[in-house]
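Scroll down for the structure; my scribbles are underneath it.
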Protein chains: 2
Amino acid sequence: MTADPDDAFGIRPGEVVAELPERFDAALYFIGRIRTPWTRREQCPKNPGQSDALCTVELDPRWLQALSGLETVSHVFLLYWMDRARRDLVLQSPRHYETRRGTFALRSPARPNPIALSVVRLIRIEGNKLTVIGVDCLDGTPLLDIKPYFASIDSVPDAKVGWHAEKAR
Amino acid sequence: MTADPDDAFGIRPGEVVAELPERFDAALYFIGRIRTPWTRREQCPKNPGQSDALCTVELDPRWLQALSGLETVSHVFLLYWMDRARRDLVLQSPRHYETRRGTFALRSPARPNPIALSVVRLIRIEGNKLTVIGVDCLDGTPLLDIKPYFASIDSVPDAKVGWHAEKAR
């Protein structure tokens, strides 16, 4: 169905939603929080590469031993939960783009499973706190996972996003 | 607590588990399935870079429009759910490594939120089916998300995983 442009949940004209499944299939634990300088959405960097701010990942002490070995790692993936995002948008018009595109062609937080992904530089680890550079989320965002970044499998310098390259021309 | 080496769920000697939280904090929809040639764990490639097999992502047709624009993208992140993995391991000894390490220093499927992440090459899209190269999971693995890979923020060719580099020497 096409969204009502007056919808209270902030759908923009032309955006399209799907009917959500009746049931959930799996469940998540929040394993910590990400502390950033940003408390309102409009303050957040447009993407994780746009800020050099030092941010802090506060891990639930229950998982402290799981950091063992991470001190040898230069970059990590953080997975976090965009708990305020709509989950039913299939075609959307992000504020800073003119054209409507499919959810899976975008990095928008609004998606069926609002899991955000950032590659961050790991500066130091002190107890259950990680100091990192490269997140773009609101202060207090729930953390889902930390994974080491392996350049051999995760780095693709020549990857292309055609719609984005055309926009930049 | 230290794991009982005879534990029926396959903990290895020296591995350590945490007590899981009493409640879940958020919930996921499975949005499709990944079809691969591998039906037993020991058949799977050790990591996603080790196979050139063509695999298929079958998206639930409910989300079909959300693929719009993805045909211009060369590489995507797939997030998928490792539904058979333990979630309580904090120190673990993967089969192919000698040393015990923290869960967050590893890409093992066993983690508090068993969300796997692979960078895959997108070969083609036909209807709700994506042909990709670069997954390492069992046939039928539940899909959680598809995201476009932006080299500008996601590619870090000089990232280092110290413990892994030392092992390779």
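The values are calculated or read from the model by the stated rules, or taken from the named source; none is laboratory data. It should be emphasised that the depicted structure is a prediction, and the values quoted were computed from it without experimental measurement. Note that each Cβ is placed from the backbone with ideal geometry, even for glycine, and that neighbours are counted across all protein chains shown. Surface areas here come from the heavy atoms of the whole protein model, side chains and all, with no ligands, DNA or RNA. Shrake-Rupley method; radii C 1.70, N 1.55, O 1.52, S 1.80 Å.
Tell me which of B:Leu144, B:His96, B:Ala26 sits at the most positive position along the dipole axis of the protein assembly as shown, charges placed on C-beta atoms (Lys, Arg +1; Asp, Glu -1). Positive-end residue among those listed: B:His96. Computed over every Cα-Cα pair of the protein assembly as shown and binned at 10 Å starting from 0, the pair-distance distribution P(r) comes out as 5, 25, 36, 25, 7, 1, 0 percent.
Per residue, the solvent-accessible area of segment A:61-168 (1.4 Å probe, heavy atoms of protein chains only, all protein chains present) comes to 37 Å².
Look at where the Cα atoms of segment A:130-169 and of segment A:52-127 average out, and the two centres are 8 Å apart.
Looking at the calculated P(r) for segment A:38-84, what percent of the C-alpha pair distances fall above 17 Å?
Working: 550 of 1081 pairs.
The proportion of pairs with Cα distances above 17 Å equals 51 percent.
Shown in residue order for segment A:70-77 are the 3J(HN,Hα) couplings computed by the Karplus curve 6.51 cos²θ - 1.76 cosθ + 1.60 at θ = phi - 60°: 5, 5, 8, 9, 8, 9, 10, 8 Hz (x for Gly and Pro).
Just subtract the alpha-carbon distance of A:Asp83 and A:Glu126 from 0.36 nm times their residue separation and send over the number in nm, one decimal. The partial results should precede the final answer.
On the way: separation 43, 0.36 × 43 = 15.48 nm, distance 2.71 nm.
Gain in length upon complete extension: 12.8 nm.
Placing +1 on the Cβ of every Lys and Arg and -1 on the Cβ of every Asp and Glu, with nothing else charged, gives chain A a dipole about its Cα centre of roughly 340 debye.
Averaged over peptide B:10-20, the number of partner chain Cβ atoms lying within 10 Å of each residue's Cβ comes to 1. Select from A:Thr131, A:Leu59, A:Gly14 the residue farthest towards the positive end of the dipole of chain A; place +1 on Cβ of Lys and Arg, -1 on Cβ of Asp and Glu, and compute about the Cα centre. Highest projection toward the positive end goes to A:Thr131. The calculated pair-distance distribution of segment B:10-128 uses every alpha carbon pair, bins of 10 angstrom beginning at 0, and gives 10, 36, 32, 17, 4 percent. Most tightly packed first, judged by the mean number of other beta-carbon atoms within 10 Å of their residues, the peptides B:58-68, A:102-112, A:140-150 read A:102-112, A:140-150, B:58-68. With label points set 7 Å from Cα along Cα→Cβ, the inter-copy distances at A:Glu126 are 5.7 nm, sorted shortest first. Within 10 Å of the Cβ of each residue in A:141-147, the mean number of Cβ atoms contributed by other protein chains is 5.
To the nearest whole number, what is the average tally of beta carbon atoms from other chains within 10 Å of the beta carbons of peptide B:27-40? Working shown, then result.
Working: counts 7, 9, 9, 6, 6, 1, 0, 0, 0, 0, 0, 0, 0, 0.
Partner Cβ neighbours, averaged per residue: 3.
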